[in-house]
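Only one structure is covered here, and it is reproduced in the block below.
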Amino acid sequence: MNLVEVGEALKENANDFISRSIDEYNDKDYKAALINLWSGILLLLKIWIFKKQPSMIYLKWEKIIAYDNGMLKFSQFISDGSYQTVDYNEIKERFKFLGNCRSLLFEYDKVLDEIRKKRNRIEHFVHDIKEKEITSAFVKVLPFINDFIDQELDEKVNEYLDCWDEFLHIDEVYKYRLSKMEEFIHSISPSQRDIQHGSAEMIEVDCTNCENGKLVDIGEYSSLGRGTLYCKACEYKTEFIECNNCSRIILKESFDSFLEETGMCSDCLDEICKRND
């Protein structure tokens with residue numbers, strides 16, 4: 001396997017573990033959910049390391065560093081599966097070594113370590129962990145998964161995880177996404193001063209894909225001149241046009257070829273037709 005294939009395999013396996021974990025969580029098989037969740041988290045962290053320096057996911061330094069012509073260099077990555085990879089504590093050290101001391105990994109260290117400990121107790125047949133504890137740990141770490149994939153792996157969660165729909169069905173996750181949506185809207189909104197100096201007020205309409213989200217204009221335009229609205233809460237995107245007469249927002253799902261050609265919404269077109277009767 002070449003490096004691209006290995007990277008895709010790591011992503012597929014992480015996806016598989018987290019998808020299973022979400023399914024097991026929804027089925028109330030919390031112990032299995034926690035075990036698979038931890039496996040998925042470890043793989044996400046290893047993926048980040050792999051992207052920076054593939055051989056750094058090995059546990060033993062003699063498999064990472066080679067001595068060649070009087071110089072130290074990273075060893076070539078060998079993908080035969082014969083070498084042990086890093087555990088959680090080593091992962092943290094590798095992040096520091098690779099210059100990522102501000103990673104979300106360290107911000108969520110206590111939450112992650114709590115899951116690691118619970119997972120170890122479950123796997124070693126110590127059945128003293130209450131269901132409520134597992135549920136609490138599970139919910140606490142989901143924002144980490146969301147933000148780590150988004151910010152550090154530079155991927156969209158809804159495209160990276162097959163279980164995205166189920167992910168949003170967990171109330172705490174959706175509430176967290178809503179809070180991130182508010183931060184996102186604030187970050188791109190023109191201030192009152194900007195508006196006074198000619199900036200247009202930001203387009204914001206209720207999301208048609210989720211219950212409480214907002215679709216906002218993110219400044220992307222198609223070759224046909226259509227804009228793009230985006231909801232940070234559920235990551236739904238849709239094209240839109242504005243009515244030339246009343247500035248009403250017309251979403252892609254309401255597009256009509258005739259209305260789009262006239263550049264007017266149906267209400268304005270009806271009003272014009274009534275005037276001409």
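Taking 0.36 nm per residue of separation and subtracting the Cα-Cα distance, what length does fully extending ASN212 through ARG275 add? Intermediate results must be reported in sequence, preceding the final value.
Details: separation 63, 0.36 × 63 = 22.68 nm, distance 3.81 nm.
Full-extension gain reported as 18.9 nm.
Quick one: dipole size for region 89-128, taken about the Cα centre, charges +1 on Lys/Arg Cβ and -1 on Asp/Glu Cβ, in debye to the nearest 20. Intermediate values should be presented prior to the final figure.
Numbers: 10 positive and 8 negative charges, 14 e Å.
So the magnitude is around 60 debye.
Just want the ordering: LEU98, LEU178, from fewest to most Cβ atoms lying within 10 Å of their own Cβ. Let's see the in-between values first.
Details: LEU98 15, LEU178 18.
So the residues, fewest neighbours to most, are LEU98, LEU178.
Neighbour counts of other C-beta atoms within 10 Å: give me TYR25, TYR221 arranged from fewest to most. It would help to have the intermediate numbers written out before the result.
On the way: TYR25 25, TYR221 11.
Listing TYR25, TYR221 from fewest to most nearby Cβ atoms yields TYR221, TYR25.
Treating the angle as unsigned and between 0 and 90°, give the value, to the nearest 10°, between the Cα long axis of helix 109-123 and the longest Cα principal axis of the chain.
For 109-123 against the chain, the angle is about 60 degrees.
If I stretch the segment between CYS246 and ILE188 completely, what's the gain in nm (0.36 nm per residue apart, minus their alpha carbon distance), one decimal?
My answer for the length gained is 18.5 nm.
Show which lysines lie in cross-link reach of LYS214 when reach means a straight Cα distance below 28 angstrom and same-chain residues fewer than eight apart are skipped.
Those lysines meeting the cut-off are LYS140, LYS156, LYS175, LYS180, LYS232, LYS237, LYS252.
For the residue pair CYS101 and ASP113, what label-to-label distance in nm results when each label sits 7 Å from Cα along the Cα-to-beta-carbon direction?
Here the answer is 1.8 nm between the modelled labels.
Quick one: which residues, 5 or more positions from SER75 or on another chain, have an amide H under 5 Å from its amide H? H modelled 1.01 Å from N in the peptide plane, none for Pro or chain starts.
Answer set, sorted by chain and number: ILE65, ALA66.
What list do you get for MET264, MET202, MET71 if you sort them by fewest beta carbons within 10 Å?
Details: MET264 22, MET202 14, MET71 7.
Going from least to most buried by this count: MET71, MET202, MET264.
List the lysines whose Cα lies under 29 Å from the Cα of LYS73, skipping any in the same chain that are fewer than 8 positions away.
LYS11, LYS46, LYS51, LYS52, LYS60, LYS63, LYS92, LYS96
Taking the highest mean first, how do the peptides 142-149, 238-245 order by number of other beta carbon atoms within 10 angstrom per residue?
Values: 142-149: 20.0, 238-245: 17.4.
Packing order, densest peptide first, comes out as 142-149, 238-245.
Let me know the charge dipole size of the chain about its Cα centre in debye, to the nearest 20, where only the beta-carbon of Lys, Arg (+1) and Asp, Glu (-1) is charged. Kindly include the intermediate steps, with their values, before the conclusion.
Working: 36 positive and 53 negative charges, 302 e Å.
Using only the charged Cβ atoms, the result is roughly 1440 debye.
Lys/Arg Cβ at +1, Asp/Glu Cβ at -1, dipole of region 3-169 taken about the Cα centre: which of ILE145, ILE49, ASN100 is farthest positive-ward?
Of ILE145, ILE49, ASN100, it is ASN100.
For region 17-29, just list the computed ³J(HN,Hα) in residue order, Karplus coefficients 6.51, -1.76 and 1.60, θ = phi - 60°, integers in Hz, with x standing in for Gly and Pro.
4, 6, 4, 4, 4, 4, 4, 5, 4, 5, 7, 6, 8
Whole-Hz Karplus ³J(HN,Hα) for region 83-96, in order, using 6.51 cos²θ - 1.76 cosθ + 1.60 and θ = phi - 60°, x for Gly and Pro?
Whole-Hz 3J(HN,Hα) from phi for region 83-96: 9, 6, 9, 5, 8, 4, 5, 5, 4, 4, 5, 5, 4, 5.
Taking amide hydrogens as modeled 1.01 Å from N in the peptide plane, which residues meet the under 5 Å criterion relative to LYS214, leaving out close sequence neighbours?
So LYS214 has HN proximity to CYS207, LYS232, ALA233.
Before rounding to the nearest 500, sum -39500 (n - 2.57) across all DSSP H runs of length at least 4 in the chain and divide by the residue total; then give [θ] at 222 nm in deg cm²/dmol. Working shown, then result.
Values: 12 runs with 142 residues, N = 277.
One gets -16000 deg cm²/dmol as the mean residue ellipticity at 222 nm.
Over the chain, what is the relative contact order in whole percent, taking alpha-carbon pairs under 8 Å and six or more residues apart?
Working: 301 pairs, mean separation 31.1, N = 277.
After rounding, I find 11 percent.
Could you calculate the FRET efficiency of LYS60 with LYS237 from 1/(1 + (r/R0)^6), where r is the beta carbon distance between them and R0 is 51 Å, rounded to 0.05? Please report the intermediate quantities before stating the final value.
Details: r = 45 Å, r/R0 = 0.88.
Efficiency, rounded to the nearest 0.05: 0.70.
Quick note: the coordinates plus some simple rules give every number you see, no bench work behind them. Quick caveat: nothing in here was measured; it's all calculated off a predicted structure. Counting neighbours? That spans all protein chains shown, and the Cβs are built from the backbone with ideal geometry, glycine included.
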